[in-house]
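See below for the structure under consideration.
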Amino acid sequence: MAAGGSSRRGRPRAGEQARRRRAALEAALAELLERGATGITMQAVATRAGSSKESLYAWFGDRQGLLAALIEWQAERVNAAVTTALDRSADPRDTLTAVARNLLTLLVGDVSAALNRAAMTSPELAGLLLRHGRHTTGPLVAEFLAHLAEEGVLRIDDPEEAFRLFYGLVVRDLQIRVLLGERPPSEDAIGVQARIAVDRFLALTGA
């Protein structure tokens, strides 16, 4: 009995630690959306998460580390959405449209806008956002475009340059407008924009 009680009072298991850390990230994200990067505090996050400041400092180091973890977490979501779309066995047009829709949905969402605003306050966070965001997502899509070129679907010489064209057609100025306070486009509008962007991309690059 004593041994069992000691186990319950001991350090949380790895799964429980991961659950509590995720709860802290979700709480931090809620605080960020409500108060902005300058209003978020470790105490408020701990209170919302039902955790302690000591746990937050152990997991993230400090407030800057917490924001960095949020950026990495969101970047994982974006890259997972893009990877899921690329892994589908579908017509290239349908695959590119799914990539465009997923990418645009996440980039103009409230979470992305809040994290981009936070990154603008810190060169360290900005570098992290680029490294885990654009500099990870770009090669994923560029590799797929290179595959389409090898298959004779696209007529491109530089997959990275082709991705920049694709990205520009998909995102246009929508993300910057959202960052400046405009309401993000609706789900239907995002779907229309994704299809238009892919049509234009294929008109310019299709074999």
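The values are calculated or read from the model by the stated rules, or taken from the named source; none is laboratory data. From a predicted model like this one, the values you see are computed outputs, not experimental measurements. Positions of Cβ are backbone-derived with ideal geometry, glycine not excepted, and every protein chain shown enters the neighbour counts. Each accessible area value is taken on the protein alone, full model and side chains, heavy atoms only, with ligands, DNA and RNA left out. Shrake-Rupley method; radii C 1.70, N 1.55, O 1.52, S 1.80 Å.
Calculated mean residue ellipticity, 222 nm, the chain: -25000 deg cm²/dmol, from DSSP H runs (n ≥ 4) at -39500 (n - 2.57) each, averaged per residue and rounded to 500. For the chain, modelled as a GNM whose springs connect Cα atoms under 10 angstrom apart, the maximal fluctuation among SER52, SER186, SER112 occurs at SER186. Relative to one another, the C-alpha centroids of the range 9-61 and the range 116-139 are positioned 22 Å apart. Among 170-176, 105-111, the peptide with the highest mean count of other Cβ atoms within 10 Å heads the list, and the full ranking is 105-111, 170-176. Backbone phi angles across the range 123-130, fed through the Karplus curve with coefficients 6.51, -1.76 and 1.60 (θ = phi - 60°), yield HN-Hα couplings of x, 5, 5, 5, x, 5, 4, 5 Hz in residue order; Gly and Pro are listed as x.
Close amide H contacts of GLY206 (hydrogens built in the peptide plane, cut-off under 5 Å, sequence separation of 5 or more or a different chain): ARG155. Here is the size of the range 148-198 from its Cα atoms: Rg then Dmax, 13.8, 42 Å.
This structure gives Rg/Rh (Cα atoms, Kirkwood Rh), computed directly, and of (i) 1.08; (ii) 1.02; (iii) 0.98 that value is listed as (i). Taking the Kirkwood radius as Rh and the Cα radius of gyration as Rg, the range 26-119 has a ratio of Rg/Rh equal to 1.11. Computed over the alpha-carbon pairs of the range 73-145, the distance histogram in 5 Å steps reads 3, 16, 26, 24, 15, 9, 4, 2, 0 percent, short to long.
In this simple spin-label approximation, ARG48 and ASN79 carry label points 7 Å from Cα along the Cα→Cβ vector, and these lie 2.5 nm apart.
Comparing mean-square fluctuations of ALA194, ALA114, ALA30 from a GNM of the chain with C-alpha springs under 10 Å, the top value falls on ALA30.
The modelled label-to-label distance between GLU187 and GLN17, using points 7 Å beyond Cα along the C-beta direction, is 3.8 nm.
Round to the nearest 10 and give me the degree value, 0 to 90, for the angle of helix 63-87's Cα axis relative to the longest principal axis of the chain. Once rounded, the angle reads 40 degrees.
Label-to-label distance, ILE196 versus THR41, with points set 7 angstrom from Cα along the beta-carbon direction: 4.5 nm. Remark: the chain carries 55 Å² of accessible area per residue (probe radius 1.4 Å; ligands, DNA and RNA excluded). Label reach from ASP157 (point 7 Å along Cα→C-beta): in the range 182-207, amide nitrogens under 18 Å belong to 204-207.
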